[in-house]
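Presented below is the structure to which this report refers.
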Amino acid sequence: MLFFDEAFTIITDKGGIQQMKLFADSGCDLPLDFFDSHQVTLIPLRVHLYGEDYEDIKGINPKKVYEAIRQGEMPKTSQASPLLLEKLFTELAESGEPGIYLAFSSALSGTYQTAVMVRDQVQEKYSDLDLTIIDTKAASLGYGLIVRQAAECLQKGWPKEDIVADIQFHCQHMEHIFTVEDLGHLAKGGRLSNGAAWIGGLLNIKPILHVEDGKLIPIEKIRGRKKAFNRMLDIMEQRGVHLSSQRIAISHGDDPEAAELLKSMINERFHCQEIFTHIIGSAIASHAGPGTIALFFLNADLSS
C-alpha cells in the first residue's frame with residue numbers, strides 16, 4: 001500500500017522513502033499558482049519585446065504581449081535557458097531523486113532537444129542521474145492537461161514507471177482543435193508554412209487547425225466564428241470518447257468572452273463535468289496572436 005504526503009514523498013510498503021520531481025516548461029500555459037501548489041518546477045521559455053527579455057509566466061503578463069501585437073509589434077521567443085536546465089538537472093542529480101521533465105512539443109520549440117543534450121552532459125559527471133525527458137508533442141493547455149495529470153498521479157503515490165506510461169498515453173491521445181484570427185502570425189513565427197497561411201487573409205474566414213505529431217496542421221476553413229465553433233464541436237464529437245466524463249480545456253488569445261461562449265456550447269452539447277479555461281501565455285501568444293481559441297480533449301477511453 002502507498003501513502004502520500006504534501007511534499008510529494010512516496011512512502012513505499014517496504015518502509016523506504018522515494019521523492020520525485022516534476023518539471024514542465026511554460027508552453028503548457030498553466031497559471032503560476034498551479035506550479036506553486038503542485039510543486040512542479042517551472043522552466044520558463046523567453047519572450048523578447050520592446051528590447052527587453054522576459055521569462056514567460058514569471059516575468060510578463062500575456063496581456064502586454066497581446067496589446068503589443070495589436071499595435072503592430074512582433075514579439076520574438078526563445079527556448080528555455082540551457083544554463084537554467086543545467087542548474088536544475090545538476091541539483092536533481094545531487095539530490096539523488098528521480099525526475100520527469102514534460103517538454104513542450106519538439107516541433108514548436110527547441111527546448112526538448114536542448115534538455116536532452118543538457119541531461120546527457122550532466123550525466124557525464126553524475127552517472128546516476130535519473131531523469132526521463134518526454135516530448136509531449138503537445139502545446140498550450142493540451143500540454144497543460146498532461147502536466148496536471150502527471151502531478152495528480154504523483155500525488156496519488158504512483159511509481160515513476162507508471163506515471164511515465166500514463167503520460168505517454170495522454171501524449172498520444174491528446175487532441176488540439178483550434179482557430180486563429182490570422183494565420184500570418186504563425187507563418188511569420190515559423191510555426192506554419194507560408195503556403196498554409198494563405199487562408200488567413202480571406203474575409204471573415206476562420207481557419208481550423210489541429211496538431212499532428214506535434215506540428216500545426218490546417219484542416220478546414222469556415223466563414224464566421226460561430227460556425228467555426230460548431231465545426232470544432234463536430235470534430236470533438238467525431239474524435240472524442242466519453243466526453244462528458246473527461247477533463248476538457250479551452251485556452252484563448254485574450255478573448256475570455258469567446259472562451260465562455262465555446263464552453264457553454266460544449267456544456268450544452270456534451271454535458272461535460274469539468275472544463276478548464278485559461279489565457280494563452282506570452283510565448284505561444286507571440287506566435288498565435290489575439291483571438292485564438294483552442295480546445296483540448298482525449299480521443300481515447302481513459303479506462304482502456
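The values are calculated or read from the model by the stated rules, or taken from the named source; none is laboratory data. These figures come from a predicted structure and were not determined experimentally. A quick note on method: Cβ atoms are made from the backbone with ideal geometry, for glycine too, and the neighbour counts reach across all protein chains shown. Side chains included, ligands, DNA and RNA excluded: accessible areas come from the protein's heavy atoms. Shrake-Rupley method; radii C 1.70, N 1.55, O 1.52, S 1.80 Å.
With respect to the conditions (1) open to solvent by less than 40 Å² (accessible area, probe 1.4 Å); (2) at pLDDT below 95; (3) assigned to a strand (DSSP E or B); (4) among the β-branched types (Val, Ile, Thr), ILE199 falls short on a single one, namely (3).
Checked against (1) within 17 Å of the chain's Cα centre (by Cα); (2) among the charged types (D, E, K, R); (3) surrounded by fewer than 22 Cβ atoms within 10 Å (Cβ to Cβ), LYS63 passes all but a single condition, namely (1). So which residues in the stretch 170-196 are modelled with pLDDT of 60 or more, surrounded by 16 or more Cβ atoms within 10 Å (Cβ to Cβ) and under 29 Å from THR132 (Cβ atoms)? Within the stretch 170-196, HIS170, CYS171, HIS173, MET174, GLU175, HIS176, ILE177, PHE178 qualify. If the condition is being among the polar types (S, T, N, Q), under 30 Å from HIS252 (Cβ atoms) and open to solvent by 30 Å² or more (accessible area, probe 1.4 Å), then the stretch 113-164 contributes GLN113, GLN149, GLN155.
If you check SER251, SER303, SER264, SER286 for being polar (S, T, N, Q), assigned to a helix (DSSP H, G or I) and either open to solvent by less than 50 Å² (accessible area, probe 1.4 Å) or at pLDDT below 95 (or both), only one passes: SER286.
Can you name every residue in the stretch 140-183 that is of a type in the set (Val, Ile, Thr) and not in a strand (DSSP E or B)?
At the first step, the residues of the stretch 140-183 found to be of a type in the set (Val, Ile, Thr) are 146-147, 163-164, 167, 177, 179-180.
The answer is ILE146, VAL147, ILE163, VAL164, ILE167, VAL180.
Can you find a residue that is of a type in the set (Gly, Ala, Ser), assigned to a helix (DSSP H, G or I) and without any contact (Cβ under 8 Å) to a residue 40 or more places away in the chain anywhere in the stretch 228-240? No, that holds for no residue. Checked against the criterion of being modelled with pLDDT of 95 or more, charged (D, E, K, R) and within 24 Å of LEU131 (Cα to Cα), the candidates GLU52, GLU6, GLU94 yield just one match: GLU94.
Filter the stretch 202-236 down to the residues that are in contact with a Pro (Cβ under 7 Å, 6 or more places away or on another chain) and at pLDDT below 90, then identify the one that is surrounded by the fewest Cβ atoms within 10 Å (Cβ to Cβ). Ranking the qualifying residues of the stretch 202-236, first place goes to LYS221.
Listed residues LYS76, LYS58; which is open to solvent by 80 Å² or more (accessible area, probe 1.4 Å), closer than 25 Å to THR114 by Cα, without any contact (Cβ under 8 Å) to a residue 60 or more places away in the chain and among the basic types (Lys, Arg)? So that I can check it myself, show each step before the final result.
On the way: LYS76 fails: without any contact (Cβ under 8 Å) to a residue 60 or more places away in the chain.
Answer to the selection: LYS58.
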